[in-house]
Amino acid sequence: MPIELKINTRRARIKILEQEGSQYKVDIDGRLYHLDLVKVEADTYSILMDGRSINMEMIEGNTLNEYKVNTMDNYYEIEVIDAATRYRNASKAAMDAGSNIISTPMPGKIVKIPVQEGDTVEQGQTLIIVSAMKMESEYKSPIDGMVKRIYVKEGDATEGNQPLIEVE
């Protein structure tokens with residue numbers, strides 16, 4: 001199964017085709033590479049590729065799936081883009097888009113709705129909690145306003161991009 005990485009601003013798809021000991025045959029964005037990868041120390045790796053030796057320091061970043069990678073010549077910020085990361089990023093993007101209709105980017109289950117239609121809410125106040133992929137996500141009000149409509153109830157299963165709550 002391919003792994004998607006965000007490397008600085010670039011995205012790459014990586015698939016390990018074969019592995020025997022420290023020898024790897026890897027497909028990176030459709031190009032084939034033969035690597036000899038050895039862990040030297042806790043955060044340090046040695047890679048032999050095409051007759052070149054690359055030493056790499058890999059440090060965990062500030063959040064899950066983020067890493068800071070240093071080589072002799074370059075510095076990279078890397079994020080492993082898995083299903084949970086895509087969900088988290090899509091949820092944040094939906095909230096940042098300025099829409100007054102709260103929706104979830106993927107199917108889930110409504111865990112809690114701490115507001116009612118007609119309630120006055122403040123920007124950043126939690127409106128609904130949705131469970132998806134074994135994670136609970138809080139969706140907050142994008143504006144100061146009033147809950148105009150609640151389209152779901154606690155315990156409902158939801159589809160991706162289904163409207164949940166509208167604030168005006």
In the list 130, 152, which residue meets the criterion of being open to solvent by less than 30 Å² (accessible area, probe 1.4 Å) and out of contact with any Leu (no Cβ under 7 Å at 6 or more places or on another chain)?
130
What's the number of the only condition in (1) at pLDDT 85 or above; (2) farther than 30 Å from residue 11 by Cα that residue 76 fails to meet?
(2)
How many residues does segment 117-139 contain that are in a loop (DSSP other than H, G, I, E, B) and out of contact with any strand residue (DSSP E or B) (no Cβ under 7 Å at 6 or more places or on another chain)?
4
Does any residue of segment 51-73 turn out to be open to solvent by less than 40 Å² (accessible area, probe 1.4 Å), farther than 30 Å from residue 135 by Cα and of a type in the set (Gly, Ala, Ser)?
no
Quick one: what pairs do we get from segment 10-24, first residue open to solvent by 50 Å² or more (accessible area, probe 1.4 Å), second assigned to a loop (DSSP other than H, G, I, E, B), C-beta under 6 Å, 6+ apart or different chains?
13/2; 13/29; 15/2
Could you list all residues from segment 46-77 that are more than 16 Å from residue 35 (Cβ to Cβ), assigned to a strand (DSSP E or B) and among the β-branched types (Val, Ile, Thr)?
59
Which one of these is modelled with pLDDT of 90 or more and either under 15 Å from residue 160 (Cα atoms) or not in a strand (DSSP E or B) (or both): 114, 105, 142?
114
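The values are calculated or read from the model by the stated rules, or taken from the named source; none is laboratory data. Everything numeric in this text was worked out from a predicted model, so none of it was measured. Cβ: placed from backbone, ideal geometry, glycine included. Neighbour counts: every protein chain shown. The accessibility values were calculated without ligands, DNA or RNA, using every heavy atom of the protein model including side chains. Shrake-Rupley method; radii C 1.70, N 1.55, O 1.52, S 1.80 Å.
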